[in-house]
Amino acid sequence: MRLAMAQISTGTDPAANLTRIVDETRRAAGSGAELIVFPEAAMCRFGVSLRGVAQPLDGPWASGVRTVADETGVAVVAGMFTPSPDGRIRNTLLIARPGREPLGYDKIHLFDALGFRESATVAPGDEPLVFDLAGHRIGVATCYDIRFGELFVELARRDAELIVVPASWGSGPGKREQWELLASARALDATAFVAAVGQALPDDPAVRESAAPTGIGHSRISDPFGSVIADYDSGQRVDVHDLDLSRTDKARAALATLANRRDIPRLDGTDAK
């Protein structure tokens, strides 16, 4: 599969961000990409109110992404925000495949850590998602999800050969090292390719230094054996990579962690001593 990773930095204007997505998708099509992955919050960066930004999957913003997917024949994964019935929003990955109805994955694990409380304004999802593309199975996860290995194992159980992880990673001591380690660890957990695509480090120092997770770059592709096959720096970069997804079957046969996995009994409060 020919995969494009779009490590870009988005602003607060959804229309301008959509224009960037359209332009980069057209360029990726010219390079023969079958799939292009944009970061989390591609619709609008974190650090501003998102309630007025959120739109449904059949709204104008997602429709613009769907149109360029149909026009170019390139599938697009991009982070957006959709309304939630409880008055919050959902942190949603839009999956736009040429000629097909769009899909949405709502981020399951919300970032209530390190002084940031995503759940105050964002409602969690509850269903993992794997979709079909060009004869392959592609799983999705969003940013903080990468800390939860059981999600990646479940995506592998659903036959995901490649798992894409759009993110807008927060900065801070050790955060880059954690991001890079987690991307490779999750590839080993799932014995699948993991393409972790982050927001680039913002150019504006005020945005960079805010408390919101606005991105550090360092997108990475790890193969099913945990080897790093693409590593970006912190700046904006859009590039195309050829992935041999047959390596997923080879890794699952050789490492056999999925086949050998056993359910571990959980200790609840009544059993604690």
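The values are calculated or read from the model by the stated rules, or taken from the named source; none is laboratory data. This is a predicted model, so every value here is computed, not measured. We place every Cβ from the backbone using ideal geometry, glycine too, and count neighbours over all the protein chains shown. Ligands, DNA and RNA are excluded from the accessible area calculation, which covers all protein heavy atoms including side chains. Shrake-Rupley method; radii C 1.70, N 1.55, O 1.52, S 1.80 Å.
Within the chain, the ratio Rg/Rh, alpha carbon atoms throughout and Rh by Kirkwood, equals 0.96. The mean sequence distance of close C-alpha pairs (under 8 Å, at least 6 residues apart), as a share of the length of the chain, puts its relative contact order at 19 percent. Counting only Cβ charges, +1 for Lys and Arg and -1 for Asp and Glu, the dipole size of the stretch 183-259 around its Cα centre is about 320 debye.
A simple charge model with +1 on the Cβ of Lys and Arg, -1 on the Cβ of Asp and Glu and nothing else charged puts the dipole of the chain at about 200 debye relative to its Cα centre. Judged by the ratio a/c of the largest to the smallest principal axis of the C-alpha gyration tensor, the stretch 35-164 counts as oblate, that ratio being 1.5 or greater while a/b is no larger than b/c. Extension gain for Asp132 to Gln236 (0.36 nm times residue separation, less C-alpha to C-alpha distance): 34.6 nm.
Below 8 Å, C-alpha to C-alpha, sequence gap of six or more: please give me the relative contact order for the stretch 1-116 in percent. Reported as a whole number, the value is 24 percent. Ranking Lys175, Lys250 by solvent-accessible area of protein heavy atoms (1.4 Å probe, all protein chains present), from largest to smallest, gives Lys250, Lys175.
With the highest mean first, a sort of the peptides 95-106, 196-207, 226-237, 30-41 on other beta-carbon atoms found within 10 angstrom per residue produces 30-41, 196-207, 95-106, 226-237. Modelled label positions at Ala253 and Asp23, each set 7 Å beyond Cα in the direction of Cβ, lie 4.6 nm from each other.
The share of accessible area on the chain that comes from carbon and sulfur is 49 percent, using a 1.4 angstrom probe.
Placing unit charges on the Cβ atoms only, positive for Lys and Arg and negative for Asp and Glu, gives the stretch 1-87 a dipole magnitude near 180 debye about its Cα centre. FRET efficiency for the pair Ser246 and Gln178, taken as 1/(1 + (r/R0)^6) with r the Cβ-Cβ distance and R0 = 41 Å, rounds to 0.85. The residues of the chain present an accessible area of 43 Å² per residue when probed at 1.4 Å with all protein chains retained. Long hydrophobic helices in the chain: none of the complete DSSP H runs spans 27 Å or more by Cα along its own axis with mean Kyte-Doolittle hydropathy of at least 1.0. When each of the peptides 2-14, 156-168 is scored by how many other beta carbons lie within 10 Å of its residues on average, the order from highest to lowest is 156-168, 2-14.
Note that the stretch 238-244 has calculated 3J(HN,Hα) couplings of 10, 9, 10, 9, 9, 10, 8 Hz, one per residue in order, obtained from phi through the Karplus relation 6.51 cos²θ - 1.76 cosθ + 1.60 (θ = phi - 60°); glycine and proline are x.
The modelled label-to-label distance between Arg147 and Ala211, using points 7 Å beyond Cα along the C-beta direction, is 1.7 nm. Across the stretch 198-273, the mean sequence separation of Cα contacts (distance under 8 Å, 6 or more residues apart), normalised by length, yields a relative contact order of 21 percent.
The translational diffusion coefficient of the stretch 146-201, from Stokes-Einstein at 37 °C and 0.692 mPa s with a Kirkwood hydrodynamic radius over alpha carbon pairs, comes to 284 µm²/s.
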